[in-house]
Amino acid sequence: MARWENGPGVLHGARARVPVEIAASYRARTRGLLGRDGIEGALLLTPAGSVHTFGMRFAIDVAYLSRDFTVLAVRTMRPGRLGLPRLRARHVLEAEAGAMARWGLRPGIRLGVEPVR
């Protein structure tokens, strides 16, 4: 996909098809999961190479994805933390802590995201 747009989508390549919210605009990426008590599925920040959890209410799993959606690293971050930037990361996937382990996400897996219209 040449240009991403904000909106719903579906993540595939994990153990299950996961609903994903795509945050492609600067405003949507900046807001991210701030002010929420949780999320069903995941949030895809694109483009993005790092994240923080300042002002968040819950711990999250973060997957750093390459340009072709290969998982580079998966980390769990508590609120109030700053994640280090990943040089090859072009997308970041966020979900509630523990979700990515349930989905089987680990480095080396190639994912895909389909926008839902």
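Please find, within region 1-29, the residue that is farthest from Val74 (Cα to Cα) out of those that are in a helix (DSSP H, G or I) and touching a strand residue (DSSP E or B) at 6+ places or on another chain (Cβ under 9 Å).
Ranking the candidates gives Ala28 first.
Mind listing whichever residues of region 42-64 are part of a loop (DSSP other than H, G, I, E, B) and not basic (Lys, Arg)? Passing the criteria: Thr46, Pro47, Ala48, Gly49, Ser50, Val51, Thr53, Phe54, Gly55, Met56, Phe58, Ala59. A count restricted to region 65-79 and to residues that are in a strand (DSSP E or B) and not basic (Lys, Arg) stands at 8.
In region 75-114, which residue that is of a type in the set (Asp, Glu) and at pLDDT 95 or above is nearest to the chain's Cα centre (by Cα)?
Only one residue fits best here, namely Glu94.
Only one of the numbered conditions (1) modelled with pLDDT of 95 or more; (2) under 22 Å from Arg117 (Cβ atoms) is violated by Ile60, and that is (2).
The values are calculated or read from the model by the stated rules, or taken from the named source; none is laboratory data. The structure displayed is predicted, hence computed values, not measured ones. With ideal geometry, Cβ positions are generated from the backbone for all residues, glycine too; neighbour counts draw on all protein chains shown.
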